[in-house]
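Input: a single structure, listed below in structure tokens.
The values are calculated or read from the model by the stated rules, or taken from the named source; none is laboratory data. No experiment lies behind these values; they were computed from the predicted model shown. Positions of Cβ are backbone-derived with ideal geometry, glycine not excepted, and every protein chain shown enters the neighbour counts. Keep in mind that these areas ignore ligands, DNA and RNA; they rest on the heavy atoms of the full protein, side chains included. Shrake-Rupley method; radii C 1.70, N 1.55, O 1.52, S 1.80 Å.
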Amino acid sequence: MWSNNSDAPFLLTGFLGLEVVHHWISIPFFVIYFSIILGNGTLLFVIWTDHSLHEPMYYFLAVLASTDLGMTLTTMPTVLSVLVLNQREIAHEACFIQSYFIHSLAIVESGVLLAMAYDRFVAICTPLHYNSILTNSRVMKVALGVLMRGFVSIVPPILPLFWFPYCHSHVLSHAFCLHQDVMKLACADITFNRVYPVVLVALTFFLDALIIVFSYVLILKTVMGIASGEERAKALNTCVSHISCVLVFYITVIGLTFIHRFGKHAPHVVHITMSYVYFLFPPFMNPIIYSIKTKQIQRSIVRLLTGHSRI
């Protein structure tokens, strides 16, 4: 018995009304999680071992793959526990820590996509100065800045969760902990926890997206000024992978936002499915996009699979 309701663990929720088929639902989740780990793990391995990929563009890609792996490994244990073992209980501290990593890694992902846009901007708009602008030390500073922004900015709304009393229902609406879910269960003034994330989203996701769009307007302007059609196509082709990853990430973000804001009457399963799409689709697609669209990575993966070392 728990001493009082505030001490009781939170209860995670899978697919409401579909509990009897949770075991079957877990099969595609296993496949997707395995694919994400294999895909992003392979990307990291080829970037680490192939010296021809030791360039700023691929360093940022390695950070993106690491972020995707981190996000996947953060949500995977509780999702599979709920679907396979029907283990719904989660301790408060474990829940808050999971929430911290989920939200901080989402901000990191947005920041990495912005850094990659900057890399493409420098490569196309000032190609002669590319190596002097994006030195290894500067790439490390940018990557560190992106990580710090994600991991520090999310601390203020997460910390209060540790001392809030919880006397309402302890049932969460997902199979993982989200800040917006947990704060609603608190018996305390949550005004700060409501306002801060809105400001944070505006200063990270929204601002990042605006800067990425602006950088591509400048890139397009530069490319249109190139006389040779072949050179124009070659320059734009180096951006296709990044643009695809940006679209995958921001379309899922916008989709999830629309469902939460305007889908009040949509079935619970639609909300839950959309949240899984948001957390699983970008990490699943990013390695596929870069493997298909980037020749250097294709060659490295082929060498890895055939056992041929670089000559």
Yes or no: Pro156 without any contact (Cβ under 8 Å) to a residue 24 or more places away in the chain and either on the phi < 0 side of the Ramachandran plot or out of contact with any Lys or Arg (no Cβ under 9 Å at 6 or more places or on another chain) (or both)?
-> no
Among the candidates Phe281, Phe258, single out the residue that is open to solvent by 30 Å² or more (accessible area, probe 1.4 Å), more than 21 Å from Phe60 (Cα to Cα) and among the hydrophobic types (A, V, I, L, M, F, W, C).
-> Phe258
Listed residues Val246, Val195; which is closer than 22 Å to Leu147 by Cβ, at pLDDT 95 or above and assigned to a helix (DSSP H, G or I)?
-> Val246
So His92 clears everything in (1) open to solvent by less than 10 Å² (accessible area, probe 1.4 Å); (2) touching a strand residue (DSSP E or B) at 6+ places or on another chain (Cβ under 8 Å) except one condition, right? Which one?
-> (1)
Scan the range 221-234 for residues that are hydrophobic (A, V, I, L, M, F, W, C) and at pLDDT below 85 and jot them down.
-> Ile226, Ala227
Just one of (1) assigned to a helix (DSSP H, G or I); (2) surrounded by 13 or more Cβ atoms within 10 Å (Cβ to Cβ) trips up Val269, so point out which.
-> (2)
If the Cβ limit is 6 Å and pairs must be 6+ apart or interchain, which residue in the range 269-281 that is closer than 15 Å to Met76 by Cβ pairs with which residue that is open to solvent by 50 Å² or more (accessible area, probe 1.4 Å)?
-> Leu280/Ile32
Filtering the range 219-249 down to residues that are open to solvent by 30 Å² or more (accessible area, probe 1.4 Å), under 26 Å from the mean Cα position of the chain (by Cα) and not β-branched (Val, Ile, Thr) yields Leu236, Asn237, Ser244, Leu247
Which numbered condition His170 fails, given (1) exposed (fewer than 13 other Cβ atoms within 10 Å of the Cβ); (2) closer than 30 Å to Val269 by Cβ = (1)
